[in-house]
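K.L.:
My questions will all concern the structure given below.
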Amino acid sequence: MNCPIVEAGGGRAGVPALSIIVPTLNERGNIEPTVAALDRALRGIAWEVVFVDDDSHDGTAEAVMALAHGDPRVRLLRRLGRRGLSSACIDGVLATTTPAFVVMDADLQHDPDLIPHLLEALDTADLAIGSRYMAGGDGTALGARRGIASRAATMLSRLVLRQPVSDPMSGFFAMRRAQFDEVAPRLSGIGFKILLDILVSARPPLRVAELPFRFRPRHAGDSKLSAGIVAEYLLLLIEKLCAGIVPARYLLFSAVGGIGLLVHLAVLAVAVDWRLPFAVAQALSTWVAMTNNFFLNNYLTYADKRRRGWNIVTGLATFYLICSIGAIANVGIANAIYTQWSVWWQAGLAGALVGSVWNYAVSAIYTWRR
Ligand code: GDD
Ligand code: MN
């Protein structure tokens, strides 16, 4: 085998030359088989594997620890109160020091036998991708429905990609660490698609190699793909389309605010119809709209930091407080501008903008801790 990048990394007694980053969420039954498969595939390479576990409740972290006690190549990075495949991979890479790394899933769908070939490709490329969608590759194990969705997602990705890549959705790739460090500060880290994030954030574009592989059926456990993950993918695309100028979260937060406005007007119409005093009707509809906005933001905008159980009650309380202050700022500023210029819509718009930016920025800190 000829892998200059790995040989450059040393391999002196106990010093790893290659890191394998494996994100895990409830994969207990796959830990041991994954390490065994790496052991077979990577003979002659000084490697380490970092499992990045988001506080799985099935004992995944314990399974990694048990292995690590007898095998110094096995490492664990445990994250609390955080979710997300992409951000897990980023944190995993940053916890290593080798000149090259590989990202792969913990369910044996990615064939470790491809890794030596990906490393060879790094001799002339910055990034080597295991592709299901090129001649010789195979993605049929995804199943018919997910296959179509995966193709559709791949087509959508052309909106943001600047180079032809057959499988930008792949979760299996090798990369040079120096190039990763260059893009890392610009990564969005949203959702599942770490590879797409890297490809789009790199400038100048990376030198990419693609190698075909057969995507296999899952070994144990279940896929973590959900409607929320699809929403996060769209969020990633929006953020990349806005070139990082406006955060996608703010766009979503504003869209939720727009829906809240409609809810507000609908409740107000009913309340006025019921002949409630106007001030009472307005207070009631404001309260309903704020509650609506909290829940929509909790499920959509902050799907990755969703508050659950009792935390919903405290989150709601901070959100009411923040939005009330936002409303006072909104009215104060609109009023000040109106007395100066007397153009009602400009004054109204300026007030609303200040209020929404305040609500977004402060709730990001106090309601959905950044
Ligand atoms: N730490 C962490 N946090 N790991 C996660 C999370 C999370 O929130 N969500 C999923 N994972 C881990 C899983 O435990 C698994 O090891 C890996 O990420 C992939 O998750 P799967 O649920 O198996 O995803 P998939 O098989 O449907 O899709 C994967 O393969 C596709 C084809 O290569 C993903 O890698 C896709 O991005 C990829 O397109
Ligand atoms: Mn999988």
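FYI, it's all coordinate maths here, none of it is from the lab. Computed from a prediction, not measured in an experiment: that's the story for all the values here. Heads up, the Cβs are rebuilt from the backbone with ideal geometry, glycines too, and the neighbour counts pull from every protein chain shown.
K.L.:
I need the calculated FRET efficiency for the pair T97 and F278, taking r as the beta carbon distance and R₀ as 41 Å, to the nearest 0.05. Let's see the in-between values first.
P.N.:
Details: r = 65 Å, r/R0 = 1.59.
Efficiency for this residue pair is about 0.05.
K.L.:
Still on this structure, please answer the following. Which value, in debye to the nearest 20, gives the size of the charge dipole of the chain about its Cα centre, when Lys and Arg are +1 and Asp and Glu are -1 at the Cβ?
P.N.:
On the way: 35 positive and 30 negative charges, 158 e Å.
It comes to approximately 760 debye.
K.L.:
Additional query: List, largest first, the extents of the alpha carbons of the range 248-366 along their principal axes, each in whole Å.
P.N.:
44, 34, 20
K.L.:
Would you calculate a helix-derived [θ] at 222 nm for the chain, using -39,500 (n - 2.57) for each DSSP H run of n ≥ 4 and dividing by the full residue count, to the nearest 500? Intermediate values should be presented prior to the final figure.
P.N.:
Numbers: 13 runs with 191 residues, N = 370.
So the calculated ellipticity at 222 nm is -17000 deg cm²/dmol.
K.L.:
What number, in percent, do you get for the relative contact order of the range 248-366 if the mean sequence gap of Cα pairs under 8 Å and at least 6 apart is divided by its residue count? Walk me through the intermediate numbers first.
P.N.:
Working: 90 pairs, mean separation 28.2, N = 119.
Across the range 248-366, relative contact order equals 24 percent.
K.L.:
Restricting things to Cα coordinates, could you compute the convex hull volume per residue of the range 125-276 in Å³? Walk me through the numbers before you get to the answer.
P.N.:
Working: hull volume 24.0 nm³, N = 152.
Output value, Cα hull per residue: 158 Å³.
K.L.:
Can you sort L94, L142 by how many other beta carbons sit within 10 Å, fewest first? The partial results should precede the final answer.
P.N.:
Details: L94 14, L142 18.
Result, fewest neighbours first: L94, L142.
K.L.:
Could you give the length gained by full extension between D39 and L321, i.e. 0.36 nm per residue of separation minus their alpha carbon distance, to one decimal place? List each step's numbers first, then the result.
P.N.:
Numbers: separation 282, 0.36 × 282 = 101.52 nm, distance 5.48 nm.
Here the answer is 96.0 nm.
K.L.:
Here is a follow-up. Kirkwood hydrodynamic radius, computed over distinct alpha-carbon pairs, for the chain: how many Å, to one decimal? Display every interim value, and only then the final one.
P.N.:
Numbers: mean 1/r = 0.0435 Å⁻¹.
That comes to 23.0 Å for the chain.
K.L.:
Which of H69, H110, H264 comes first, and how do the rest follow, when ranked by fewest Cβ neighbours within 10 Å? Kindly include the intermediate steps, with their values, before the conclusion.
P.N.:
Values: H69 9, H110 25, H264 20.
By the 10 Å Cβ count, ascending, the order reads H69, H264, H110.
K.L.:
Taking the chain as a Gaussian network, Cα atoms linked when under 10 Å apart, which of L353, L236, L85 shows the biggest mean-square fluctuation?
P.N.:
L353
K.L.:
Quick one: among S324, S131, S254, which has the greatest mean-square fluctuation in a GNM of the chain with alpha-carbon springs under 10 angstrom?
P.N.:
Greatest mean-square fluctuation among the candidates belongs to S324.
K.L.:
Please give the length that would be gained between L349 and T291 if that part of the chain were fully extended, namely 0.36 nm times their separation in residues minus their C-alpha to C-alpha distance (nm, one decimal). Walk me through the numbers on the way to the answer.
P.N.:
On the way: separation 58, 0.36 × 58 = 20.88 nm, distance 2.25 nm.
Length gained between L349 and T291: 18.6 nm.
K.L.:
Which of K240, K305 has the fewest other C-beta atoms within 10 Å, and how do the rest follow up to the most? Before the final figure, lay out the partial values.
P.N.:
Details: K240 22, K305 16.
Arranged by neighbour count, lowest to highest, K240, K305 become K305, K240.
K.L.:
Counting DSSP beta bridges with both partners in the chain, what percentage is antiparallel, nearest 5?
P.N.:
25
K.L.:
Defining a contact as two alpha carbons under 8 Å apart and six or more residues distant in sequence, what relative contact order in percent does the chain show?
P.N.:
Values: 590 pairs, mean separation 54.2, N = 370.
Over the chain, the number comes to 15 percent.
K.L.:
Take the chain, connect every pair of alpha-carbon atoms lying under 10 Å apart with a spring to form a Gaussian network, then pick out the residue of V288, V35, V52 with the largest mean-square fluctuation.
P.N.:
Greatest mean-square fluctuation among the candidates belongs to V288.
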